[in-house]
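Only one structure is covered here, and it is reproduced in the block below.
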Amino acid sequence: MTITEMLVISLRLAAAFLPLLEYLLWIAFSCIAAEVAGYWVHRLLHSEKIAFLSRNHMIHHIQLYGPMQPMRPEAQYRGTTEDRPSLGDIGLEWLVPAVSVLGVFEAFFWWMGVSPLYQVTFVIVALSWARLMLNYLHNWMHVQDFWMERNPLLRKWFLAARRLHDIHHHQLDDKGKMNRNFGIGFYILDRIFGTFSLKHRAFNPTGLEAAKRRHEVLYSRQPKVDTTVSPSA
């Protein structure tokens, strides 16, 4: 076989695998887009720019897993949507922005002439990534003895991510807002946009009092704290 023939065969093989590679890159892009959108939606929920959304999100952050509450008090997740409209255990505070973001992406893809296959793939992959990170992984960060704690391959990553999420719940600014570590499993965007905190800082009593004034009703509904369990437990 001549060099020319070998080159032709190589080019044909590359051309055959190119669509698969392109599709795999699209899947990766869909995951990254979902991660970016999740980060900014999470920041929106803490900004109080849309009061209805932030108020619903604060049920999780103040009433159930507040700054002075243990992060893993029980073997079951304390759901926040039992008495509110939701899809499964995902509340409107996440659903409304998620649907809006997907609509923007799909309108852009349609305008750019992206194929229907790629559009459908984006929706499925982005929603699956969001479900995995923002719902499944996040919820299990707040319960005891999750299987990733014992998995030799995932244990180190999971415990590090969970500790950073604990910081997100504990750290308050002077206005009583939680403004650090908006990621769930990954915190690259927090590093990029200046919201990353690696260590627990000294507790801010001024911030706690501000949060209590702003969310008085939610604080009044907090479950009783088990004094035998530390807030980071």
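The values are calculated or read from the model by the stated rules, or taken from the named source; none is laboratory data. Note that this is a predicted model, so its numbers are computed, not measured. Cβ: placed from backbone, ideal geometry, glycine included. Neighbour counts: every protein chain shown. Quick note on the areas: whole protein, heavy atoms, side chains included, nothing else; ligands and nucleic acids left out. Shrake-Rupley method; radii C 1.70, N 1.55, O 1.52, S 1.80 Å.
Can VAL114 be described as modelled with pLDDT of 90 or more and outside any loop (DSSP other than H, G, I, E, B)? Answer is no for this residue. Remark: THR121 matches the filter, which requires a residue to be touching a residue at least 12 places away in the same chain (Cβ under 8 Å), open to solvent by less than 50 Å² (accessible area, probe 1.4 Å) and in a helix (DSSP H, G or I).
Of the set (1) under 18 Å from LEU44 (Cα atoms); (2) in contact with a Leu (Cβ under 9 Å, 6 or more places away or on another chain); (3) of a type in the set (Asp, Glu); (4) exposed (fewer than 15 other Cβ atoms within 10 Å of the Cβ), all apply to ASP173 but (2). Taking (1) exposed (fewer than 13 other Cβ atoms within 10 Å of the Cβ); (2) part of a loop (DSSP other than H, G, I, E, B) in turn, VAL217 satisfies each apart from (2). Within the stretch 45-104, restricting attention to residues that are open to solvent by less than 20 Å² (accessible area, probe 1.4 Å) and charged (D, E, K, R), the residue that is farthest from PHE122 (Cα to Cα) is ARG72.
Within the stretch 90-111, the set of residues being among the aliphatic types (A, V, I, L, M) and either under 19 Å from the mean Cα position of the chain (by Cα) or outside any helix (DSSP H, G or I) (or both) comprises ILE90, LEU92, LEU95, VAL96, ALA98, VAL99, VAL101, LEU102.
Filtered by the rule that a residue be closer than 27 Å to ASP145 by Cα and of a type in the set (A, V, I, L, M), the stretch 173-201 gives MET178, ILE184, ILE188, LEU198.
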